[in-house]
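S.K.: Could you have a look at this structure, given as structure tokens, before my questions?
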Amino acid sequence: MTKTSAGRLVALLLVAAATARAEIRYRVTLEDPVRHRVAVEMTVPDVKGRLTVALPAWYATYQIRDFVWRLSQLEACSGHERLQLEPLDQQTWAVQAQGSVVLRYRMLWDDEPPFGSVLDPRHAFFNLAELLLYVPERRREPVAVEFAGLPAGWHAAAELEPDGPAGFRAPGYDALVDAPVELGTFDAFSFPVGTARVRVVVDGGRLDHAQVQAALERIVGYQTRLMGEMPCAEYLFIYHLGGRGGMEHACSTAISLGRPEGLPGVSAHEFFHLWNVKRIRPQSLEPVDYEHPMWTRALWFAEGVTSTYGALTLVRSGLWTPEQYLEHLGEQITELQARPARQWQSAEESSLDAWLEKYPGYFRPERSISYYNKGELLGVLLDVQIREATENRRSLDDVLRWMNEQFAHRGRFYRDSADVRAAVEQVAGRDFGGFFERYVAGTEEIPWAELLRPAGLGVEQQPVERADVGMIWQPAPGGEVEVVSVEPGGAAAAAGLMPGDRLVAPAGASWPASARQWAATLVPGQQVALTVRRGAQTLAVTLRAGSLRYIRYRVVRLAEMTPRQRRILDGLLAGRTD
């Protein structure tokens, strides 16, 4: 090696060392699992004058949640000098300094996955945006996080570049917080699917490895063939046994399972988010604003059409029969038609109103529809109409692939419904303005039989009566459910139940994921004895189920179909075109 080469090598090593030192670093100490207390140390290098730091006000759900109430004892120093922090607003602080600044604070996290974070004696799960301060103007700088104070036998799992036994690094803050972290003595296994590797982490018990692998191989295999790619070399499924819900991330998902049999459905939905919303992304959600609501008209597509493909994946991969799929489709139509709000809230308006979902009364049928529900149905109808327009040569699959190529692969974002419509028209070769005006932006009643007929499907209606318990609940720790809202004048209100009450499951039994599912096991007028925890009190309550009359919709095959209708139906169910 020449003297010049040696000099260049030293210079490169010095630059590399300086770059490594320049990254923003976090040290997260599991200080007190019993009291759910986490200590965080953030080191910000290269400060030149004024440094501003902030904590996000929302993450994982479209709700302003103000995580800052969980933060305490915030302090800053530079070397041995204590620095004066200036509060700029509820979640933002500024400090004057030169060089490296260290910020220290504590947080209390006792919420539930997948939307919250938790530290307890069994495990820790962190959505890092709920935990870590950030420097607004330096979100693209390299970052690293280290977890300390792990009990013996605990491990760390996240879909990030490893940095030590319990540490990770990322190219920026946004990438770091888009990968949840599980810490504990979890069950873990992995397997290849095509050119990628699927990792599975299970907290709170065990799942049958062979059954989970068989389901995920079908789901991951089908969707990657559908989209013609696998954007991640490795994908992580984090499952929590108990609770309900799933949250998508860049190359991972966190899912809470009330029942193991629900795994395929929620996994198929969350995995399809790998494309739809994580990469095929509306401009209205970019760049991420951690401080303010981000109003978007596109959730009917980003979430609803993801539900379209969650269900289509199950039938096309053989996890559902065609009959199960058609039954599901009828249930979705029944759900929408049972909501009077469909007459005045459009799919786009439902998307915009996602930020109101933290208010329990918002979910009442006369107040709102679901962009998941109507969006899924719109996706199916678009698929049928595209197949009809092209004699089954093109489908909604082609729309998703076209948008993936035109937007995701080119680093561009689409203009909500306008670009979805443009993509549909590009693929179908005809105008879809009327469809979007009437059923996406508008609230016209959907002519189900007319729009499904090209696929050889009809819709039957049947008046039914079922029990109604007059409340909405959500899963809570310990096998309980927490009452979220109580319908005025309904069965729960008559029994004296209140929001915040927790219902204790009978011995050896468990509550369904929703109050509506529980009501389906009752008959109108049936009396049920409940044990209710209200704060420190335990109450005995008797609930008498009410009655709800509605129309049940069933999607059925037409008795007589043309060859074209058969091809379109077969294409819809199998994911084929002619």
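S.K.: Please go through the stretch 252-264 and give me each residue that is buried (at least 19 other Cβ atoms within 10 Å of the Cβ) and either part of a loop (DSSP other than H, G, I, E, B) or of a type in the set (S, T, N, Q) (or both), ordered by number.
M.R.: S252, T253, S256, G258 - these are the residues of the stretch 252-264 that are buried (at least 19 other Cβ atoms within 10 Å of the Cβ) and either part of a loop (DSSP other than H, G, I, E, B) or of a type in the set (S, T, N, Q) (or both).
S.K.: Take the conditions without any contact (Cβ under 8 Å) to a residue 40 or more places away in the chain and closer than 30 Å to T224 by Cβ and apply them to R534. Does it pass?
M.R.: Details: without any contact (Cβ under 8 Å) to a residue 40 or more places away in the chain: yes; closer than 30 Å to T224 by Cβ: no.
Spelling it out, it is not the case that R534 is without any contact (Cβ under 8 Å) to a residue 40 or more places away in the chain and closer than 30 Å to T224 by Cβ.
S.K.: Looking at the stretch 121-130, which of its residues are under 23 Å from the mean Cα position of the chain (by Cα) and either surrounded by fewer than 22 Cβ atoms within 10 Å (Cβ to Cβ) or of a type in the set (S, T, N, Q) (or both)?
M.R.: Once the filter is applied, which keeps residues that are under 23 Å from the mean Cα position of the chain (by Cα) and either surrounded by fewer than 22 Cβ atoms within 10 Å (Cβ to Cβ) or of a type in the set (S, T, N, Q) (or both), the stretch 121-130 yields H123, N127.
Matching residues to (1) at pLDDT 95 or above; (2) buried (at least 17 other Cβ atoms within 10 Å of the Cβ):
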{"position": "V177", "(1), (2)": "yes, yes"}
{"position": "P180", "(1), (2)": "yes, yes"}
{"position": "L183", "(1), (2)": "yes, yes"}
{"position": "A188", "(1), (2)": "yes, no"}
{"position": "F191", "(1), (2)": "yes, no"}
{"position": "T195", "(1), (2)": "no, no"}
{"position": "V202", "(1), (2)": "yes, yes"}
{"position": "D208", "(1), (2)": "yes, no"}
{"position": "Q211", "(1), (2)": "yes, no"}
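S.K.: Which residues, taken from the stretch 350-394, are of a type in the set (D, E, K, R) and either free of Cβ contacts under 8 Å to residues at least 40 places away in the same chain or closer than 23 Å to Q426 by Cβ (or both)?
M.R.: Hits for the stretch 350-394 are D353, E366, R367, E376, D383, R387, E388, E391, R393, R394.
S.K.: Let me ask something else. Quick test for you: out of E75, E41, pick the one residue that is free of Cβ contacts under 8 Å to residues at least 60 places away in the same chain and in contact with a Lys or Arg (Cβ under 9 Å, 6 or more places away or on another chain).
M.R.: Among E75, E41, only E75 is free of Cβ contacts under 8 Å to residues at least 60 places away in the same chain and in contact with a Lys or Arg (Cβ under 9 Å, 6 or more places away or on another chain).
S.K.: Within the stretch 189-241, which residues are touching a strand residue (DSSP E or B) at 6+ places or on another chain (Cβ under 8 Å) and touching a residue at least 60 places away in the same chain (Cβ under 8 Å)?
M.R.: Those that are touching a strand residue (DSSP E or B) at 6+ places or on another chain (Cβ under 8 Å) and touching a residue at least 60 places away in the same chain (Cβ under 8 Å): D203, G204, G221, C232, E234, Y235, L236, I238, H240.
S.K.: Can you pull out the residues in the stretch 396-424 that are without any contact (Cβ under 8 Å) to a residue 12 or more places away in the chain and touching a helix residue (DSSP H, G or I) at 6+ places or on another chain (Cβ under 8 Å)?
M.R.: R412
S.K.: Sticking with this one: Looking for whichever is more than 30 Å from E248 (Cα to Cα), at pLDDT below 95 and within 36 Å of the chain's Cα centre (by Cα) here; the options are T2, T19. Which one fits?
M.R.: After applying the criteria, what remains is T19.
S.K.: Looking at L133, L108, which is the one that is at pLDDT 95 or above and buried (at least 20 other Cβ atoms within 10 Å of the Cβ)?
M.R.: Only one candidate qualifies: L133.
S.K.: Ok, one more. From (1) at pLDDT 95 or above; (2) of a type in the set (A, V, I, L, M, F, W, C); (3) not in a helix (DSSP H, G or I), pick out the condition that doesn't hold for A60.
M.R.: (1)
S.K.: Return a yes/no flag: does the stretch 560-578 have any residue that is more than 30 Å from the chain's Cα centre (by Cα) and small (G, A, S).
M.R.: No, every residue in the stretch 560-578 fails to be more than 30 Å from the chain's Cα centre (by Cα) and small (G, A, S).
S.K.: Report yes if E141 is surrounded by fewer than 22 Cβ atoms within 10 Å (Cβ to Cβ), in a helix (DSSP H, G or I) and either at pLDDT 95 or above or not hydrophobic (A, V, I, L, M, F, W, C) (or both), otherwise no.
M.R.: Considered against the rule, which asks whether it is surrounded by fewer than 22 Cβ atoms within 10 Å (Cβ to Cβ), in a helix (DSSP H, G or I) and either at pLDDT 95 or above or not hydrophobic (A, V, I, L, M, F, W, C) (or both), E141 comes out as no.
S.K.: Identify the residue in the stretch 323-347 that is assigned to a helix (DSSP H, G or I) and of a type in the set (S, T, Y) and, among all such residues, is surrounded by the fewest Cβ atoms within 10 Å (Cβ to Cβ).
M.R.: Here the residue is T334.
S.K.: Right, next: Taking the condition buried (at least 21 other Cβ atoms within 10 Å of the Cβ) and either closer than 27 Å to G470 by Cα or in contact (Cβ under 8 Å) with a residue 40 or more places away in the chain (or both), does G318 pass?
M.R.: Considered against the rule, which asks whether it is buried (at least 21 other Cβ atoms within 10 Å of the Cβ) and either closer than 27 Å to G470 by Cα or in contact (Cβ under 8 Å) with a residue 40 or more places away in the chain (or both), G318 comes out as no.
S.K.: If you don't mind, another one. Within the stretch 287-322, can you find the residues that are assigned to a helix (DSSP H, G or I) and hydroxyl-bearing (S, T, Y)?
M.R.: If the condition is that a residue be assigned to a helix (DSSP H, G or I) and hydroxyl-bearing (S, T, Y), then T306, S307, T308, Y309, T313 are the ones that fit.
S.K.: Quick check on L312: is it within 22 Å of the chain's Cα centre (by Cα), within 28 Å of G411 (Cβ to Cβ) and either buried (at least 18 other Cβ atoms within 10 Å of the Cβ) or not aliphatic (A, V, I, L, M) (or both)?
M.R.: Details: within 22 Å of the chain's Cα centre (by Cα): yes; within 28 Å of G411 (Cβ to Cβ): yes; either buried (at least 18 other Cβ atoms within 10 Å of the Cβ) or not aliphatic (A, V, I, L, M) (or both): yes.
Judged against the criteria, L312 is a match.
S.K.: Of the residues that sit in the stretch 238-251 and are in a strand (DSSP E or B) and touching a Pro at 6+ places or on another chain (Cβ under 7 Å), which one is farthest from A268 (Cα to Cα)?
M.R.: So the residue we want is H240.
The values are calculated or read from the model by the stated rules, or taken from the named source; none is laboratory data. A quick note: this is a predicted structure, and the numbers were derived from the prediction, not measured. Every residue, glycine as well, gets a Cβ built from its backbone with ideal geometry; the counts of neighbours run over all protein chains shown.
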